[in-house]
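Have a look at the structure below, then the notes.
The values are calculated or read from the model by the stated rules, or taken from the named source; none is laboratory data. These figures come from a predicted structure and were not determined experimentally. Every residue, glycine among them, receives a Cβ derived from its backbone with ideal geometry; neighbour counts consider all protein chains shown.
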Amino acid sequence: MARSVPIPDGNKVFVLTGAGVSAESGIRTFRDANGLWEEHRVEDVASPEGFAKDPELVWRFYGQRRAQALTVKPNPGHHALAALEARLGDDFLLCTQNVDALHEAAGSTRVIHMHGELMKTRCSDPACGTAPFHDERHDFGELPRCSCGALQRPHIVWFGEIPFEMHRIKRVVQACDVFVCVGSSGVVYPAAGLVREMTYRRSVGETVRTVYVGVESPDNADAFDEVVIGKAGETLPGLFAR
Ligand code: APR
């Protein structure tokens, strides 16, 4: 029987997505069998220290990711979340850990990329102050440099760095009625800890609901009222009823 998660109009909904929502579009997840982190040492390609040591390797890694991102399309899971936003409007916020732009490609507009954006580049010198910019380059002869002389880097939140917009994210989680997480293994913090805010709110008497959707139970499954096992692209369409 098809599952249904009722979300009446007027409910405030916060959605957190992870790599699983893009898996059916052909983007590899990080920690599954054949995941990205099986092939690479995370600290080499996704840390400030790795970039300082070997920026060419890091740019090659993200260049491959960019080249692939130009070939993929949103799947029915992305479209279902865009449809939920179209119904709820400002009562909806989508926070993604994904650096691809598939949510936007599906029509989502209220999106926070807490771990950055693959198709953006910024100066590696924090003191420089130039804004990150859209950049689809993926095949570098010489490594890209800022006008200030410093190397440019991918606009990605690496291990050891603080995710973007945490203040706004927490404010929205603290005010939402329903917290939905899709396709995230629940091992990378602070994203994996956001659902605990809902546990706290319930403990002080607030009425809140938490739902996880993914192909397997995440590490933080105990924090969810409901764990719906299934692929995002097959489960999300039709999941959210009025
Ligand atoms: N539909 C739903 N869930 C899926 C699907 C699918 N089709 N395919 C895989 N999954 C699930 C996996 O079972 C797994 O639990 O998606 C989850 C992906 O987990 P991870 O690979 O750990 O990705 P994520 O949780 O997004 O990683 C968080 O870690 O490496 C960093 O910065 C990177 O943003 C990333 C963060």
Among the residues of region 1-30, the number that are touching a helix residue (DSSP H, G or I) at 6+ places or on another chain (Cβ under 6 Å) and at pLDDT below 95 is 3
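Working carefully through the options Val187, Val182, find the one that is surrounded by fewer than 20 Cβ atoms within 10 Å (Cβ to Cβ), touching a residue at least 12 places away in the same chain (Cβ under 8 Å), of a type in the set (A, V, I, L, M, F, W, C) and within 16 Å of the ligand (Cβ to nearest atom).
Values: Val182 fails: surrounded by fewer than 20 Cβ atoms within 10 Å (Cβ to Cβ).
Exactly one of Val187, Val182 is surrounded by fewer than 20 Cβ atoms within 10 Å (Cβ to Cβ), touching a residue at least 12 places away in the same chain (Cβ under 8 Å), of a type in the set (A, V, I, L, M, F, W, C) and within 16 Å of the ligand (Cβ to nearest atom), namely Val187.
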Pairing a residue in region 65-76 that is buried (at least 18 other Cβ atoms within 10 Å of the Cβ) with any residue that is modelled with pLDDT of 95 or more and among the hydroxyl-bearing types (Ser, Thr, Tyr), where Cβ atoms lie under 6 Å and the two sit 6 or more apart in sequence or on different chains, gives Asn75/Ser25
If we keep only residues of region 200-235 that are away from the ligand (no atom under 13 Å from the Cβ) and of a type in the set (Asp, Glu), then the residue nearest to Lys12 (Cα to Cα) is Glu206
When Val5 is run through (1) under 27 Å from Asp135 (Cα atoms); (2) more than 20 Å from the chain's Cα centre (by Cα), the failure sits at (1)
Per the filter on region 83-119, residues out of contact with any strand residue (DSSP E or B) (no Cβ under 8 Å at 6 or more places or on another chain), hydrophobic (A, V, I, L, M, F, W, C) and not in a helix (DSSP H, G or I) are Ala106
Selection from region 1-42 of residues without any contact (Cβ under 8 Å) to a residue 40 or more places away in the chain and either part of a strand (DSSP E or B) or more than 13 Å from the ligand (Cβ to nearest atom) (or both) yields Met1
